[in-house]
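K.L.:
Okay, handing you the structure first.
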Amino acid sequence: MDVCIRQSLTQLAARRMWGTIDIPHILLGLLNIIFKSDFSNGKYYMQWKRRQACILEELLYFSANLEASERVIVQSSLAKVRNSKEWDSMSPSERAEFLWAMKQVALKFSSLPGKFGVQGETYYWTAVYSLNIQIYEKLLFSVFDVLDEGQLIMESDELLMLIKLTWRTLGITQRLHHAIYGWVLFQQMCIVAGGGLAIRLGFKPMSCRLGTDEAVLLEYALLELQKVLSAEKGGVEEEHYMDSLAIFFSISSWCDSKLQDYHLHYSQKPHNFAKIMELVSAVGLLTAGDSGDSKVCFAAVQVYIHLHWLNETIALPWPNIFLVLRMVLDKKMKSEDAELIRFSASDESASRKVKTYMERSIDAAYRRVASTVDLESKVVGTHPLALLANELRLIAQREYNLFVPVLRHWCSESGMIAAKRLHQIYGERLKPFLRGVSSLSEDVRSVLPAARLLEHDLTQLHISACEENRPNNHLNEELDHYPIGEVAKPIILDWVIAQNLRILEWTGRVFDLEDWEPLSSQQRQAASVVEVFRIIEETVDQFFGLNLAMDITHLQALLSVIFHSLDAYLQKLLNQLVEKNNLYPLPPPLTRYEETAIPIMKKKLLQRKLLADDVRNKLKELTISKLCVRLNTLEYIQKQIRILEDGIRESWTCTGSLAGQRWAEEEPPEDTVSSLLTGSEAVDELFVSTFNCIRDITGDAISKICDFVGARVVYWDLRDAFLFCLYRGSVEVARLDSVLPHIDTVLNHICGLIDGTLRDFVVLSICRASLEGYVWILLNGGPSRSFSDPDIKFVEDDLNMLKTGTLIHMLMTASEQISVGLESLNRRSYNHDELGLEDAQTLVRVLCHKKDREASKFLKRKYQLPTSSEYDDTPEDSDSAFRSPAISDLLKRSSSFHWTTKGQSSFKSFKKKLQEATYDFRNMAW
């Protein structure tokens, strides 16, 4: 086909039938001498002939200078050319005669002068500029790779040099070339960016890859259009000619429509957004027009661009719609309201236009998310306002991170505009909801935190914009904050109060079910305390999970809930204890020793302590094992409150206060700073008073139970083995070595139950109680105990066995302080006045237990004391009826213990504990 056309053009040039050769004459000459037989395929001939007819129709039939009679001639002639049956049967002479009428019309137009007087201009430059431009555009489109429309071919520069040869024929100048080439690159960018209208119509080209080299094409287009602005102008006539092409107007219309909703088009391509703003700045900004007209222009440009692609892709007939679209653009361009202004940062109109873009784009983005939140709310079960706030936060983040950094070059207050607009949009829907809030319902829990986070983000955006716009401080207006804090404060307090009642009820329930068994071998605390802290931590998490602004009133309410919950648990635990005075036996009556050779019937029994039923019932439950679990539980509380306090402090710091957020935008006054410092001190004081009070109660409980454990072991569980057996009847046969294995057995049992941090305190308590018991035996041992001078050797043997640091050594060391301290022992056991080494009461008790005739006479004469033989102080079985079964079993097993090597080692460990406690005893009043 190419060979045929070249040969035909050569023949036409040789004949030189016309003085001026232009496009209509060339087309008419080709139609006259080319036949169907010249083509290898009839389909190609039909496409070629139809294309020539369409070009002639554009050049002649649609000309504004064509008369009515001439229009009829051209129309009928073109109809015969398109009629294949009639046209293909004509001979060359018949075709020449038939085409003569159109040649005359073409000659008439060729003689007409150009419209703008540009050098070399012909009538067809402007009369049929749409065709010339379309032809030139089609030539320029050949610089793209057919396999990848986003790439230029390697020979593009050489090809552009060849295309330049058509400038005189098509009416192209250097500036016009830059404009049209930029327009072609721009169109290709639109096609590559996604196919647009073509894809929506169902046509997707094989080579169209979404987003492929879109930014590169946009960059090339921008460079070409900038060359138009920087190139030397050819005069007023050329400017008019350039304006008649409406290229800048078309690009500006397209950009204007895209910028009306830049969130939709450029959220995924922020780099392109910056280039589009540069493009608008280069081609000019469409102003003073109706937005409806702008949309029509945009639609016309879109259709124009994609009809080019459709014509290339599916070989449509040459569409006359191109002319219609150009007429639409021409009409808009020539209207009184249409104007293109240069987009500069100092231009107030540019700033107003950017503000309009921002408001319309934000509104459009809001409408999109608002149209979906109701349906999404039904699916996920969250209130629409919460979902809307989350979506608007994303919009605000995109606005701040992607668009505002670009827009601020043309509108310095762009950040403030975006923040205010989003804040206003959401506020219009939030405020009616806030008026109906009365309790902390699920909807309120979801909406208020989401609204607060949105306002926080918008406030930060607004603050940042104000900082950058300090030269224009008169434009910096504060946001009208949502009344979230005022609405939330009372309902949060109501919620906390409700949680207090719930936790107290739950604490009482789990405590009543507690059996005081360890949770596991590794976790030795009770299960109930773990459950109490679980419910407290769950409440704390819910409290801070509200994500609402809190003040010190809310913190005080939360800490009050924690205090009352733990205090209730501790008080219930303490109420299960009994006073350790109930464990002490009643002191036997004072007697004098009297040696008798004839046994006599004992006449009197020692008085036994009678305990109330409730005390006896409590003692049944207060076994050593369960007391150890209680101590472990108290230690667990001490550890957990440290963790709980640190967690609440950290969460409170992150949450902040209402006042702190409100003053974040501006410098607070001096009195405000002072109040904030006072508030910080008040918060610290609140934490200290609450948690220290719990620590003190817990510490006192640990101390009380430790003392009780020592007293229980010595005065209750080891009463028979220790108090009633040591030195009973005869010092020689009831030595200390028969008692120590029992104590050692109990210590081993306790050390296997108690937490390591409390082990020393419990052992120390048993040591103290043992010392008290030893003193009780020596000074208040009863009628069955008496000491003589030969017994000193046995006591010395016990001392040699214990050496230093043992129980008896501590007794002797502590005896030096008896003058200042048998107070606790006297008050709890003897109910006597304070005793001392030189006290008469102490001396009397020593004389009562001395095997000495003179001492017995003195006591009889001075105090009328009965003889020891008159009393029977044999322990009764009922005395041990309420002792720990576990301890009784341990003591039975320990009765056969011998001091083996292992036993000596265990005994040494006990002796070491006593040595460590010596210092405490020396500094402690008894």
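The values are calculated or read from the model by the stated rules, or taken from the named source; none is laboratory data. Remember, it's a predicted structure, so these values are computed and weren't measured experimentally. Quick reminder, even Gly has a Cβ in these numbers, built from the backbone with ideal geometry, and neighbours come from all protein chains shown. These area figures cover heavy atoms from the full protein model, side chains too; ligands, DNA and RNA do not enter into them. Shrake-Rupley method; radii C 1.70, N 1.55, O 1.52, S 1.80 Å.
K.L.:
Give me, ordered by chain and number, the residues 5 or more places off F787 or on other chains with an amide H under 5 Å from its own placed amide H.
P.N.:
For F787, the qualifying residues are K850, K851.
K.L.:
Moving on to the next point. May I ask you to compute the full-extension gain from S730 to A68, defined as 0.36 nm times their residue separation minus their alpha-carbon distance, rounded to one decimal in nm?
P.N.:
Values: separation 662, 0.36 × 662 = 238.32 nm, distance 15.35 nm.
Gain on stretching S730 to A68: 223.0 nm.
K.L.:
Kirkwood hydrodynamic radius (Cα pairs, Å) of the stretch 526-588? Let's see the in-between values first.
P.N.:
Working: mean 1/r = 0.0685 Å⁻¹.
Over the stretch 526-588, the inverse of the mean reciprocal pair distance is 14.6 Å.
K.L.:
What does the accessible area per residue of the stretch 343-392 come to in Å², with a 1.4 Å probe and no ligands, DNA or RNA counted? Could the numbers behind the result be given before it?
P.N.:
Values: 2440 Å² over 50 residues.
Each residue of the stretch 343-392 exposes 49 Å² on average to a 1.4 Å probe.
K.L.:
Also, quick follow-up: Around C54, under 14 Å between beta carbons, what's the net of Lys plus Arg minus Asp minus Glu among the other residues? Provide the component values of the computation, followed by the final result.
P.N.:
Numbers: positive: K49, R50, R51, R82, K138; negative: E57, E58.
Cβ neighbours under 14 Å give a net charge of +3.
K.L.:
Please give the peptides 631-640, 183-192 ranked by average Cβ packing (other Cβ atoms within 10 Å per residue), highest first, as a rough proxy for protection.
P.N.:
Values: 631-640: 21.5, 183-192: 24.5.
With the highest mean Cβ count within 10 Å placed first, the list reads 183-192, 631-640.
K.L.:
Do any of K355/K378; K580/K639; K49/K258; K618/K639 go past 30 Å between their Cα atoms, and which?
P.N.:
Values: K355/K378 35 Å; K580/K639 27 Å; K49/K258 40 Å; K618/K639 28 Å.
In this structure, K355/K378; K49/K258 lie more than 30 Å apart at Cα.
K.L.:
Moving to a separate point now. Equivalent ellipsoid semi-axes for the stretch 348-469, as square roots of 5 times the alpha carbon gyration tensor eigenvalues: give them largest first, rounded to whole Å. Kindly include the intermediate steps, with their values, before the conclusion.
P.N.:
Details: eigenvalues 167, 43, 26 Å².
That gives 29, 15, 11 Å for the three semi-axes.
K.L.:
Moving on to the next point. For the stretch 403-509, report the % of Cα-Cα distances exceeding 24 Å. All intermediate terms of the calculation are to be shown ahead of the outcome.
P.N.:
Details: 2438 of 5671 pairs.
Across the stretch 403-509, Cα pairs with separations above 24 Å total 43 percent.
K.L.:
Extension gain E442-I552, at 0.36 nm per residue separation less the Cα-Cα distance, in nm? Write out the running numbers ahead of the final one.
P.N.:
Details: separation 110, 0.36 × 110 = 39.60 nm, distance 2.42 nm.
Computed gain between E442 and I552 is 37.2 nm.
K.L.:
Follow-up. Any chance you could list P(r) for the stretch 1-104, counting all Cα-Cα pairs in 5 angstrom bins from zero, rounded to whole %?
P.N.:
Histogram of Cα-Cα distances, whole percents per bin: 2, 11, 24, 25, 21, 12, 4, 1.
K.L.:
Now, a different point. Over all alpha-carbon pairs in the stretch 675-726, figure out the percentage whose distance exceeds 12 Å. Don't skip to the answer; put the middle values down first.
P.N.:
Numbers: 966 of 1326 pairs.
Here the tail beyond 12 Å accounts for 73 percent of pairs.
K.L.:
Now a separate question. Share of the stretch 348-469's accessible area from carbon and sulfur, percent, 1.4 Å?
P.N.:
Working: 2590 of 5270 Å².
Carbon with sulfur: 49 percent of the solvent-accessible area.
K.L.:
Taking every pair of Cα atoms in the stretch 384-426, average 1/r, invert it to obtain the Kirkwood radius, and report Rg/Rh to two decimals.
P.N.:
1.03
K.L.:
How many times 2.2 N^0.38 Å is the alpha carbon radius of gyration of the stretch 496-559? Kindly include the intermediate steps, with their values, before the conclusion.
P.N.:
Numbers: Rg = 14.5 Å, N = 64, 2.2 N^0.38 = 10.7 Å.
Rounded to two decimals, the normalised Rg is 1.35.
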